[in-house]
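Below is one structure, written out as structure tokens; the observations come after it.
Read the figures in this text as sums done on the coordinates, not as results from a lab. The model shown is predicted, which means the values in this text are computed figures rather than measured ones. Glycine gets a Cβ as well: all are built from the backbone with ideal geometry, and neighbour counts include every protein chain shown.
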Amino acid sequence: MKIGRLLLAGALATTQSGCFFAYALHNLYQAPADCLDEHVLHCRLDKEAKKAWAAVHAQEPGFSADYAAGFRAGFVDYLEYNSLGEPPAAPPYRYRRLCNLSPRKVQAIDDWNAGFRHGASAAHDSGLRS
């Protein structure tokens, strides 16, 4: 008898707040689908960034690994987030640790920033954004 009353109360509660349950059900499948779509897009753009970097590196092979990482980040950032092509105010975490305060590490940050700008410029020139 108690179970029947609980089921009846639950049924009445769902009819009174049907929108809530409809939105909850929608979010249950929509959020993971959106996340998957974003991941697929990021992977596709990263693949394009690798192709663009291979073309640049074939013409001018003297760039550092930090420059290459910045190039790929700038390429993807420009296309994925509609950025203006400027690097973020703070460099990636791997450059912000206290052990990175040597002049060589500061040069690595500068290389990353220059690569970021170059990558964003290459993404702009590629026409992939439109």
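Counted residue by residue at 0.36 nm each, then reduced by the alpha carbon distance between them, the extension gain from Ser126 to Tyr29 reaches 31.4 nm.
The packing ranking, built from the mean of other Cβ atoms within 10 Å per residue, places the peptides 31-41, 76-86 in the order 76-86, 31-41, highest first. Label point of Ser102 set 7 angstrom out along Cα-Cβ; within the stretch 57-86, amide nitrogens under 17 Å from it belong to 65-66.
Taking 0.36 nm per residue of separation and subtracting the current Cα-Cα distance, fully stretching the chain between Ala55 and Asn82 would add 7.4 nm.
Put a plus charge on the Cβ of each Lys and Arg, a minus charge on the Cβ of each Asp and Glu, and nothing anywhere else: the dipole of the stretch 28-115 about its Cα centre is then about 420 debye. Among 105-117, 52-64, sorting by the average number of other beta carbon atoms lying within 10 angstrom of each residue, highest first, gives 105-117, 52-64. Positive contributions from Lys and Arg (+1) and negative ones from Asp and Glu (-1), summed over other residues with Cβ under 12 Å from the Cβ of Arg117, come out at -4.
Whole-Hz Karplus values for the stretch 122-130 come out as 5, 5, 4, 5, 6, x, 6, 5, 7 Hz, taken residue by residue from phi with 6.51 cos²θ - 1.76 cosθ + 1.60 and θ = phi - 60°; glycine and proline positions read x. Going by Cα centres, the stretch 56-106 and the stretch 107-125 are how many Å apart? Measuring centre to centre over Cα atoms gives 6 Å. For the stretch 28-33, the Karplus equation 6.51 cos²θ - 1.76 cosθ + 1.60, evaluated at θ = phi - 60°, returns couplings of 5, 9, 6, 4, x, 5 Hz by residue, with Gly and Pro reported as x.
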